[in-house]
1. Quickly rank 239-251, 111-123, 12-24 as a protection proxy: mean count of other C-beta atoms within 10 Å, highest first.
2. Considering only Tyr111, Val211, Thr23, whose Cα is most displaced toward the positive end of the charge dipole of the chain, charges sitting on Cβ of Lys, Arg (+1) and Asp, Glu (-1)?
3. By its C-alpha gyration tensor, with a ≥ b ≥ c as the square roots of the eigenvalues, how is region 3-310 shaped: rounded for a/c under 1.5, else prolate for a/b larger than b/c, else oblate?
4. So in the chain, which Cys have no other cysteine's beta-carbon sitting under 4.7 angstrom from theirs?
5. Cα gyration tensor of region 25-139, axes a ≥ b ≥ c as square roots of the eigenvalues: rounded (a/c below 1.5), prolate (a/b > b/c) or oblate?
6. With labels modelled as points extended 7 Å from the Cα through the Cβ direction, what inter-label distance (nm, one decimal) is found for Phe131 paired with Ala152?
7. So if R0 is 41 Å, what FRET efficiency would Thr38 and Ser2 give, r being the distance between their Cβ atoms, rounded to the nearest 0.05?
8. By counting other Cβ atoms within 10 Å of each Cβ, how are Asp290, Asp272 ranked from fewest to most?
Amino acid sequence: MSETTSDILLLSLGVITLLVALTLFGEVMRGRLPVGQTNPVVETFMQRVHSWWAIVVLLTLATLAGEIGLLFLFGFVSFAALREFLTFAYKRKADHLSLALAFFVILPLQYLFVGMGWTGLFAVFIPVYAFLLLPIVSALRGDSNRFLIRVAETQWGLMISVFCISHVPALLSFEPAGERSILLILFLVMVVQIGDLAEYYCGRRIGRTRVAPGLSPKTVQGMVCGVLAAAATGALLHWTTPFGPGWAAMLAAVASVTGMFGSLVFAAIKRDKGVKDWSHLIPGQGGFLDQMDSVIFAAPVFYHLTHLIWT
C-alpha cells in the first residue's frame, strides 16, 4: 500500500469519526426537545450530516479508484447538475441541437482535456469555444424568440455545471504535489463542506445580521464562524497539501467564503425561478446543485490560487 493510499484511508477514517461525532451531537440536540416536538434547525442539520455520509463514501471510493474514478464521478455530477439547471431554463425547439452538443460533446471533451492534462485547452474550451459555438448553432435554426435569454441560460449552465465542477478533478494536474495531488481534492471538499455546516448551525443559533435579507437566512456571524471553522480545518489538514499550516488555512478560508457567496448566487437563481430545490434527489436536501453550490464557486478559485501561490 502506497503512502498516498494510506493517507486517503487515514483521512477518510478521520472524516467518518467526525461524522459520527456530528451525528451523536445532533441526536443529543434532538433528545433535549420535549417529546413529540422537533426543531427545524436541528432537523436540517441532521439531514445535512446524513447527506455528508453519502458524499464521503462516494468520494472515498472514487479517490481510491484513482484518476479515472474521480473523472467519472465528477463527470457524472456535471451531467446531473447540467440537467437540473437546464430543466428550469427557457428553451425552444431550435435549441435541441445546442443542448445535445452541450451534454454529449462539450461535457465529455472538457473532462477528456482534464484527464489528458491539457490545462491550456481545458481553461478556455467552454468560456471561449463553446461560448461562440452554441449561439451559432441556435441562430442557424432561425428562431429569435427570447434568443439572448435562451443562449445565456445555456452558457450559465455549462459554466457552473461543467466548467467550474471540472476544476475539482483538474487539481490532479498540480505537479508539485505529484501523486498526492489527489489529496487536494479531499482537502477542498472537506474545508468547504465543514465551513458550510458551521455557518448553517452557528448562523441559526447566534446569527443576527443577515447578509442578503429577503434572499437567504445566511448571517454575518454565521459566515464568520464558518470561515474560521474552514480555516482551522485547513490548518489541521495542511499535511494533505504542499503548503504549511498558514497557507493551507488561508486557502481554506478563501475557498469557504467564496463558496458561501456562491450559494447566495444559487439562492437568487432559485428565487427567480420560483423553486426551493433544484431536484428531489435527496429528501429535504435537493439535488446535485443544492449539494455542490459552494464547491462549484470555490473550485476554480482554489485551483488557480493553488497554482499561483506555488508559482
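Here, each number is a calculation from the coordinates, and none is a lab measurement. Everything numeric in this text was worked out from a predicted model, so none of it was measured. Methodologically, a virtual Cβ is constructed for each residue, glycine included, from the backbone with ideal geometry; neighbour enumeration extends over all protein chains shown.
1. Working: 239-251: 19.0, 111-123: 16.9, 12-24: 14.5.
Highest mean packing first, the order is 239-251, 111-123, 12-24.
2. Val211
3. Oblate is the answer for region 3-310, as a/c is 1.5 or above yet b/c matches or exceeds a/b.
4. Cys164
5. Numbers: a/c = 3.95, a/b = 1.82, b/c = 2.17.
Oblate, because a/c is 1.5 or more while a/b does not exceed b/c.
6. 1.5 nm
7. On the way: r = 46 Å, r/R0 = 1.13.
That gives a FRET efficiency of 0.35.
8. On the way: Asp290 21, Asp272 9.
Listed from fewest to most nearby Cβ atoms, that is Asp272, Asp290.
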